[in-house]
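Structure first, then comments.
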Amino acid sequence: MMKLTEDGNRIEGRGITLEQLRAFVFIAEHRSFGSAGEALGRTQSTLSAGLRRLEEDVGCRLIERKQGHILGLTDEGRQLLPAARDILARTSRALGALSKRNMTGQIALGVPDDFETGNLNRIISLCLEENPGLKVQITSASSAVLSALAARQEIDVVITKSMAGQPLTSENDRLLWVETLHWVSAGTLNFNQPDEIPLVTFPEGCVIRHCAVAALENASRRYYFSYVSGSFNNIRSAAVSGLGIGLLPKSALTGELYELTPQDGAPSVPAIQLILSIVRPGRLNQLFSSYIERGLMR
């Protein structure tokens, strides 16, 4: 049987590798061997084999699956997930510390306003704490505004979103992660019931809004924009309050929201990917981007 030590962060077991833990975390978060493989750059068979070896090492099943489909985590899997995340994060920070170089100067960072910034803010705060000579100016704006700033080279580094699978256009682009999208509402609701879908979504130019609109139009469903905001918190609040149906990435879901499935008539939507791009190449921007990349990568 799997055992965690008293602090809950170390795992008793022989032969467990970081690659196995990383495979487990990605499969658990993406709930799909295919999506996890795309995010990690591994084949489904490689991930499946890694998961099997991990389960053999800890002596129990971690993820329930049937014919290649993920059904959910077992009790042991739910127990292991936070510890595995912590181990991977600590390893990443330790490796970063070995090659750490002092950063001095000023960096302009662009972040989409339809992006969950909590973890990013913590990473930047830690970076500033470790590098007192560094200044970071953050601009949170729509994708269209950020693209214009990047085109004029008025920002140094930018984070953008796009549909998963789109190739990177520059050697200065780094894929941070791939994330699935999910339809949500205040409660169970069949998509076929309303004549028009009240859509709670982000402003025009957002890839999530594009995915939602394209999915509804492909399904020949009429819709109208019942609530539009650039804030994840506002979108969540509107959906929880029953103002309409929203489309959100997995990381933004909360227990207050009901996740609508194909059984509820929810049309399929693609996943999205998060890209970190260095707009103005240079040593400082490279070091800063590598720091953010290590902190944000899943």
Point to revise | The listed residue being part of a loop (DSSP other than H, G, I, E, B) and either of a type in the set (Phe, Trp, Tyr) or in the same structural domain as Leu284 (by TED's automatic domain parsing) (or both), out of Pro203, Pro132, Pro167 | key: Pro132
Practice item. Return yes when Leu287 is assigned to a helix (DSSP H, G or I), more than 21 Å from the chain's Cα centre (by Cα), within 30 Å of Arg152 (Cα to Cα) and touching a residue at least 24 places away in the same chain (Cβ under 8 Å) and no when it is not. Key: yes
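If a residue counts only when it is surrounded by 14 or more Cβ atoms within 10 Å (Cβ to Cβ) and at pLDDT 80 or above, which strands (runs of 3 or more DSSP E) contained entirely in region 1-114 have at least 3 such residues?
Per the criteria, 105-112.
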Practice item. All but one of (1) free of Cβ contacts under 8 Å to residues at least 24 places away in the same chain; (2) surrounded by 16 or more Cβ atoms within 10 Å (Cβ to Cβ); (3) assigned to a loop (DSSP other than H, G, I, E, B) hold for Ser220, so report the exception by its number. Key: (2)
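Which ones in region 251-269 are over 22 Å from Val111 (Cβ atoms) and either part of a loop (DSSP other than H, G, I, E, B) or of a type in the set (Phe, Trp, Tyr) (or both)? Even if it seems obvious, please write down each step before you answer.
Looking only at region 251-269, we keep the residues that are over 22 Å from Val111 (Cβ atoms), and these are 255-269.
Selection gives Gly255, Glu256, Leu257, Tyr258, Thr261, Gly265, Ala266, Pro267, Ser268, Val269.
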Exercise for review: Would you mind telling me which numbered condition in (1) buried (at least 20 other Cβ atoms within 10 Å of the Cβ); (2) at pLDDT 85 or above Pro281 fails?
Suggested key: (1)
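This table checks each residue for (1) assigned by TED's automatic domain parsing to the domain that holds Leu253; (2) of a type in the set (Ser, Thr, Tyr); (3) without any contact (Cβ under 8 Å) to a residue 60 or more places away in the chain.
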position: Leu21; (1), (2), (3): no, no, no
position: His30; (1), (2), (3): no, no, no
position: Ser35; (1), (2), (3): no, yes, no
position: Ala39; (1), (2), (3): no, no, no
position: Gly50; (1), (2), (3): no, no, yes
position: Leu54; (1), (2), (3): no, no, yes
position: Val58; (1), (2), (3): no, no, yes
Review point. Touching a Lys or Arg at 6+ places or on another chain (Cβ under 9 Å) and either hydroxyl-bearing (Ser, Thr, Tyr) or under 12 Å from Gly246 (Cβ atoms) (or both), is that true of Leu216?
Key: no
Review point. What is the residue count in region 179-196 for residues that are surrounded by fewer than 21 Cβ atoms within 10 Å (Cβ to Cβ) and not in a loop (DSSP other than H, G, I, E, B)?
Key: 1
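The values are calculated or read from the model by the stated rules, or taken from the named source; none is laboratory data. Just so you know, these numbers come straight off a predicted model, no measurement behind them. Note that each Cβ is placed from the backbone with ideal geometry, even for glycine, and that neighbours are counted across all protein chains shown.
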